[in-house]
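Chemist: Structure provided below as structure tokens; questions to follow.
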Amino acid sequence: MRFTYTALPGRVVFGAGVLASLPAEAALLGKKALVLCTPGHRDLGQRAAALLGEQAVGIFDRAVMHVPVETANAACEFAQASGADLCVAIGGGSTTGLAKAVALRSTLPILAVPTTYAGSEMTPTWGLTDGGIKRTGRDARVLPRTTLYDPELTLSLPPALSGTSGINAIAHCVESLYSEKANPLISLMAEDGIRALGQSLPRIARQPDDLEARSDALYGAWLSGITLGSVGMALHHKLCHTLGGTFNLPHAQTHTIILPHAMAYNAGAAPEAMRRVARALSAKDGVRGILNLIAAIGAPTALKDIGMPEEGIERAVELAATNPYYNPAPVKKDALRRLLRNAYEGREPEPYCS
Ligand code: NAD
């Protein structure tokens, strides 16, 4: 055995109702908190600000997808004008992303209160979109110092989005298992993350207000975020980044459609990872386990149903085959073309690299 493992720092407070500890947790990081949220969830921002009382110096409610640089600039100016020494981000990956953009320039610490399963709160990765182009990078300053995981806040996440957001989290775990930087601790987390999400997502689809299932899913999302932040990803994330960025496809649904295909692509080259996915899902093989889970939550299976243009397949093949990156199986255009065609049509995956 040979590996390198770098632990990421961060405090995690987990459990139903832990939002109530926001004032005490915020006081450990600063005295003047700026609350960030999306326009659609200003109620959440107000709830956080009310709990913080005099510790809150303002609410910036303009977080949107992909962190446009103009929004990041406005948030930084708001933070400076309010004299904030701490950012409280309450919402999904878009809100956490805005807090990261503020932290990158101002060095304000972040206290994250995630309300989806995206996992951004566990990573030191930031993203900024300027003129339609999204840049990403890693910087230790943007890793939230404290995260409050309160499953009660996820009860309102619609069942369809809960399912695809959860499969998005599973995708982080799967790719961490066959990552170039895979290591035994992250693989343990990945397998348990897949298990927790695999068991809880069908329960949430059947009964969205099942708090125990919500708690299990958020636990799995926490683990998945750690895996994403700790080791490099591969073909699946490259494809989803390409499809999302070029054709503006919805993030979680794209991950859900591509995952079984990317797994089938890598299955022959990463048998141990597939064995662990299968074990986590109590399935005969990893790809089948993921397909069964997608069917159980009724998620989309075809790119053509979520806005992908058919003529975009060739463009996606070219983009996904450029800029060499690590992947267990060699990245070849013919195999990628078959993968994207099947994903476009909603067909089952095939052994693309045999
Ligand atoms: P999001 O934050 O845009 O939320 C998705 C939708 O869910 C929004 O409409 C939001 O209003 C709604 N929502 C959020 N919480 C809710 C709740 N509890 N109840 C009801 N509705 C709720 O998106 P996301 O899927 O959380 O995150 C995706 C974004 O995060 C992408 O831009 C992605 O690139 C980024 N991301 C970044 C990292 C990273 O490491 N930097 C990791 C994962 C995702």
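Chemist: So for region 97-111 (the condition being part of a strand (DSSP E or B) and in contact with a helix residue (DSSP H, G or I) (Cβ under 9 Å, 6 or more places away or on another chain)), does at least one residue qualify?
Modeler: There is at least one residue in region 97-111 that is part of a strand (DSSP E or B) and in contact with a helix residue (DSSP H, G or I) (Cβ under 9 Å, 6 or more places away or on another chain).
Chemist: Now a separate question. Mind telling me which of the residues Leu19, Leu51, Leu44 ends up being in a helix (DSSP H, G or I) and away from the ligand (no atom under 16 Å from the Cβ)?
Modeler: Residue meeting the stated conditions: Leu51.
Chemist: Condition (residue is outside the structural domain of Gly97 (by TED's automatic domain parsing), over 30 Å from Val331 (Cβ atoms), away from the ligand (no atom under 11 Å from the Cβ) and at pLDDT 95 or above) applied to region 165-187: is it met by at least one residue?
Modeler: Looking through region 165-187, none of the residues is outside the structural domain of Gly97 (by TED's automatic domain parsing), over 30 Å from Val331 (Cβ atoms), away from the ligand (no atom under 11 Å from the Cβ) and at pLDDT 95 or above.
Chemist: Let me ask something else. If you scan region 43-77, which residues turn out to be polar (S, T, N, Q) and surrounded by fewer than 17 Cβ atoms within 10 Å (Cβ to Cβ)?
Modeler: Taking region 43-77 and keeping what is polar (S, T, N, Q), we get 46, 55, 71, 73.
Answer for region 43-77, where residues must be polar (S, T, N, Q) and surrounded by fewer than 17 Cβ atoms within 10 Å (Cβ to Cβ): Gln46, Asn73.
Chemist: Can you tell me which residue within region 112-158, out of those that are away from the ligand (no atom under 12 Å from the Cβ) and assigned to a helix (DSSP H, G or I), is nearest to Leu51 (Cα to Cα)?
Modeler: Arg141
Chemist: How about region 217-287: which helices (runs of 4 or more DSSP H) wholly inside it have at least 3 residues that are among the basic types (Lys, Arg)?
Modeler: The qualifying helices (runs of 4 or more DSSP H) are 271-281.
Chemist: Now for a separate question. How many residues does region 231-243 contain that are open to solvent by 30 Å² or more (accessible area, probe 1.4 Å) and within 11 Å of the ligand (Cβ to nearest atom)?
Modeler: Qualifying residue count, region 231-243: 3.
Chemist: Looking only at residues in region 154-183 that are more than 17 Å from the chain's Cα centre (by Cα) and under 18 Å from Gly91 (Cβ atoms), which one is most open to solvent (accessible area, probe 1.4 Å)?
Modeler: Among them, the one singled out is Ser156.
Chemist: Being within 22 Å of Gly132 (Cβ to Cβ) and at pLDDT 95 or above: is that true of Leu8 here?
Modeler: The answer is no for Leu8.
Chemist: Mind listing whichever residues of region 55-73 are assigned to a helix (DSSP H, G or I) and either farther than 14 Å from Val88 by Cα or β-branched (Val, Ile, Thr) (or both)?
Modeler: Of everything in region 55-73, those that are assigned to a helix (DSSP H, G or I) and either farther than 14 Å from Val88 by Cα or β-branched (Val, Ile, Thr) (or both) turn out to be Val69, Glu70, Thr71, Ala72, Asn73.
Chemist: From Arg203, Arg141, Arg145, which residue is under 30 Å from Asn266 (Cα atoms), out of contact with any Cys (no Cβ under 8 Å at 6 or more places or on another chain) and open to solvent by 10 Å² or more (accessible area, probe 1.4 Å)?
Modeler: Being under 30 Å from Asn266 (Cα atoms), out of contact with any Cys (no Cβ under 8 Å at 6 or more places or on another chain) and open to solvent by 10 Å² or more (accessible area, probe 1.4 Å) holds for just one of Arg203, Arg141, Arg145, which is Arg203.
Chemist: Just for region 250-270: of the residues that are over 16 Å from Leu291 (Cα atoms) and over 15 Å from the mean Cα position of the chain (by Cα), which one is nearest to the ligand (Cβ to nearest atom)?
Modeler: Residue satisfying both the conditions and the ranking: Ala270.
The values are calculated or read from the model by the stated rules, or taken from the named source; none is laboratory data. Keep in mind the model is a prediction, meaning the values are calculated, not measured. Note that we place each Cβ from the backbone using ideal geometry, even for glycine, and neighbour counts take in every protein chain shown. Heads up: the accessible areas ignore ligands, DNA and RNA and are worked out on the full protein's heavy atoms, side chains in. Shrake-Rupley method; radii C 1.70, N 1.55, O 1.52, S 1.80 Å.
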